[in-house]
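Report on the following structure.
The values are calculated or read from the model by the stated rules, or taken from the named source; none is laboratory data. Remember, it's a predicted structure, so these values are computed and weren't measured experimentally. For neighbour counting, all protein chains shown are included, and Cβ atoms are generated from backbone atoms with ideal geometry for every residue, glycine included. For the accessible areas, the whole protein counts, side chains as well, though only heavy atoms, and no ligand, DNA or RNA atoms are used. Shrake-Rupley method; radii C 1.70, N 1.55, O 1.52, S 1.80 Å.
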Amino acid sequence: MNRRLVAVLVAVLAVFTFVPMASAQSTATLSDIRTGQHNGFSRVVLDLSGAPAEYRVSEVTGVSHCASGNPITVAGPGIQEILAVTLIGAAAHDDNGNLTYTGSRNFATPGLSNIRGVALTCDFEATLGVAVGYANTASWHRVFTMTSPNRLVIDVGL
């Protein structure tokens with residue numbers, strides 16, 4: 001009798017060990033990229049389904065695609081500097097590979113004073129990369145998240 005109980009317990013543990021359990025999507029997904037001009041700064045807003053685990057920001061002179069390594073030219077005239085923003089725990093697709101962001105992945109922003117273009121540089125393994133090209137290298141920037149609704153905001157001063 002004890003051997004039978006042990007065998008059943010081992011079988012149950014094996015099932016729970018080797019069969020992954022369904023889980024809710026934990027990766028924030030991108031649904032839209034919006035831009036706007038404000039008094040003293042230009043803004044890019046990434047609309048997300050949730051907050052990314054973290055984000056990193058760096059000023060660079062060029063960007064490349066995270067998976068292929070191919071260089072990406074950010075659309076827009078007169079770009080002198082690029083703000084590379086990497087969101088960890090975010091993607092532009094859902095767990096089934098369906099795109100959640102279907103807009104342009106590299107576009108000029110003619111209505112903005114300093115930001116000249118925006119490009120997606122990465123959508124791979126829960127890492128989302130965005131490059132914001134701007135003209136005035138002496139300008140300031142700030143990047144922050146907001147909730148209700150969830151979004152990441154990128155401001156670049158004039």
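Across the stretch 140-158, which residue is farthest from residue 99 (Cα to Cα) among those that are touching a residue at least 40 places away in the same chain (Cβ under 8 Å) and of a type outside the set (A, V, I, L, M, F, W, C)?
Looking at the filtered set, the residue picked out is 157.
Suppose we keep only residues that are polar (S, T, N, Q) and assigned to a strand (DSSP E or B) within the stretch 33-45. Which one would you say is surrounded by the most Cβ atoms within 10 Å (Cβ to Cβ)?
Among them, the one singled out is 42.
If only one of 113, 58 is of a type in the set (Ser, Thr, Tyr) and over 15 Å from the mean Cα position of the chain (by Cα), which one is it?
Being of a type in the set (Ser, Thr, Tyr) and over 15 Å from the mean Cα position of the chain (by Cα) holds for just one of 113, 58, which is 113.
Kindly provide the set of residues from the stretch 142-158 that are open to solvent by 60 Å² or more (accessible area, probe 1.4 Å) and among the β-branched types (Val, Ile, Thr), ordered by number.
The answer is 145, 147.
Hey, among the residues in the stretch 132-141 that are surrounded by 13 or more Cβ atoms within 10 Å (Cβ to Cβ) and more than 18 Å from residue 152 (Cβ to Cβ), which one's modelled with the lowest pLDDT?
Checked the stretch 132-141; the qualifying residue modelled with the lowest pLDDT is 136.
Of all residues in the stretch 46-69, which are loosely packed, with under 13 Cβ neighbours inside 10 Å, assigned to a strand (DSSP E or B) and of a type in the set (S, T, N, Q)?
58
Please identify the pairs in which a residue from the stretch 42-53 that is farther than 7 Å from residue 151 by Cα has its Cβ atom under 6 Å from the Cβ atom of a residue that is among the small types (Gly, Ala, Ser) and open to solvent by 10 Å² or more (accessible area, probe 1.4 Å), counting only partners at least 6 apart or on another chain.
42/113; 43/36; 52/89; 53/89
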